[in-house]
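Since the structure comes first, as structure tokens, the remarks are kept for the end.
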Amino acid sequence: MPYFKRLVGKKCYLSPMNPEDAPKYVGWFSDLEVAVNLKTQMNINLLSEREFLEKNLKDGNPIFAIIDLATDKLIGNCGLHDIGWVGRHAEFGILIGEKEYWNKGYGEEATRLILDFGFNIINLHNIFLKVMEFNKRAVRAYEKAGFKQIGRWRKAFQIAGKRYDFILMDILADEYESGYVKNFIKE
Ligand SMILES: CC(C)(COP(=O)(O)OP(=O)(O)OC[C@H]1O[C@@H](n2cnc3c(N)ncnc32)[C@H](O)[C@@H]1OP(=O)(O)O)[C@@H](O)C(=O)NCCC(=O)NCCS
């Protein structure tokens, strides 16, 4: 499957997504150890996932496949959603579905790359996210990439009979130090 080096880090790169990868995504969404951390718990299937991918690609939405740089293996995806073009804000989401890649810095690096895209290519001012309070790995990865905790959306998620808060986090353009895009500007 061809992938394209849109934004490149030391461990991974971000590539346009490919609808042919729909089975991979359905596999990850079906794995509760992965999916318990995601807001979408409704039934996921090949048809809906392929349609989702095709629609997002046709609409040109900034969602990317995360590819391991050393092996060109698809390990996850990340993207900017609900972009407010007037206020210049967006919501960030990420999923690394290949669990053997967890805790190795891929999440932090993919997050930094998409922040670079958001702030330095499409000129956003604020990038926001929400994460379940029990997802400590994600909170740590986001903090390493520069996000700050700004509050809580109280008891807004329920699973296995218990309610949980979302931790709300954001980062501003002037709090982010570009690592990749600025390398291409020769003044
Ligand atoms: C969340 C996710 C993107 C993070 O990516 P990652 O590559 O695993 O993250 P990183 O390796 O960059 O950072 C993880 C950090 O959390 C730490 N960590 C792991 N488990 C932890 C825990 N239970 N408590 C506190 N810290 C923890 C790791 O040690 C690491 O910190 P360190 O580098 O200081 O040692 C990825 O694990 C994932 O996609 N998980 C499943 C789906 C998901 O949760 N998506 C996010 C929904 S908001």
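Among the numbered conditions (1) surrounded by fewer than 17 Cβ atoms within 10 Å (Cβ to Cβ); (2) within 16 Å of His81 (Cα to Cα); (3) away from the ligand (no atom under 16 Å from the Cβ), the only one that Thr40 does not meet is (3).
Here's a check for you: in region 150-187, which residue that is in contact (Cβ under 8 Å) with a residue 60 or more places away in the chain and open to solvent by less than 90 Å² (accessible area, probe 1.4 Å) is nearest to Gly87 (Cα to Cα)?
Per the stated criteria, the residue is Tyr176.
Among the residues examined, Phe29 does not qualify as within 16 Å of the ligand (Cβ to nearest atom) and within 26 Å of Asp116 (Cβ to Cβ).
Please find, within region 20-37, the residue that is surrounded by the most Cβ atoms within 10 Å (Cβ to Cβ) out of those that are in contact (Cβ under 8 Å) with a residue 60 or more places away in the chain and farther than 18 Å from Asn135 by Cα. It comes out as Tyr25. Selection over region 76-108 of residues that are aliphatic (A, V, I, L, M) and within 12 Å of the ligand (Cβ to nearest atom) gives a count of 3.
Within region 119-149, which residues are part of a strand (DSSP E or B) and either free of Cβ contacts under 8 Å to residues at least 12 places away in the same chain or away from the ligand (no atom under 15 Å from the Cβ) (or both)? Scanning region 119-149 gives Asn126, Lys148.
Taken over region 43-68, the residue count meeting the criterion of being more than 18 Å from Lys24 (Cβ to Cβ) and surrounded by 13 or more Cβ atoms within 10 Å (Cβ to Cβ) is 2. Going by the structure shown, is Asn56 free of Cβ contacts under 8 Å to residues at least 60 places away in the same chain, within 20 Å of Leu115 (Cβ to Cβ) and not aliphatic (A, V, I, L, M)? Judged against the criteria, Asn56 is a match.
The values are calculated or read from the model by the stated rules, or taken from the named source; none is laboratory data. All values reported here derive from a predicted model rather than from experimental measurement. Cβ sites come from the backbone with ideal geometry, for glycine too, and all protein chains shown count toward neighbours. When the accessible area is computed, the model is the full protein with side chains, heavy atoms only, and any ligands, DNA or RNA have been set aside. Shrake-Rupley method; radii C 1.70, N 1.55, O 1.52, S 1.80 Å.
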